[in-house]
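Report on one structure; see the data block that follows.
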């Protein structure tokens with residue numbers, strides 16, 4: 001995929017504020033500080049488009065980015081950060097449920113985990129939920145920060161991640177670009193399938 005343009009569109013929590021057009025969307029989800037923003041910036045080749053921070057829990061709304069003027073990336077708030085107030089966690093939960101279960105424009109969810117750590121209980125719960133929606137809403141697991149591990153460590157950790165989540169996983173490094181082509185291939189497949197299903201008679 002050649003990225004010719006990428007721009008921030010808006011941030012929003014409530015459904016009434018989400019974009020209303022029919023552009024297909026790719027959602028990015030994961031624990032706080034797992035590297036979602038870095039992954040998005042790496043995929044797009046645009047440094048700093050999605051804001052990164054060393055402070056977990058910085059992203060607090062859905063952030064929408066328009067890519068090539070014909071589809072969107074949607075950056076979700078990170079989950080599992082204890083310092084976020086309970087009320088905000090409840091708002092995020094409702095927002096995630098409404099978007100992932102009901103958003104007509106959603107064509108692919110990318111679940112991001114840290115290749116250095118075993119998936120958490122929340123990682124597993126999210127994976128199981130995404131798997132239950134798989135018939136109409138496919139998802140992909142991506143393990144970031146793979147450059148932080150030796151090949152032997154990465155192999156062992158991947159076996160553990162795939163065993164825990166029962167899911168094929170793509171190793172990714174925002175620093176080296178490892179996995180970039182594989183992730184883009186899956187995104188393009190989802191966008192292509194979406195365009196076919198929208199054709200008359202499909």
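Nothing in this text is a laboratory measurement; each read-out follows from the coordinates by a stated rule. Not measured: the values here are computed from a predicted model.
Stretching residue 151 away from residue 17 to a fully extended chain increases their span by 43.8 nm, per 0.36 nm per residue minus the current alpha-carbon distance.
With 0.36 nm allotted per residue and the present C-alpha distance subtracted, the residue 176-residue 117 stretch has 19.3 nm of extension available.
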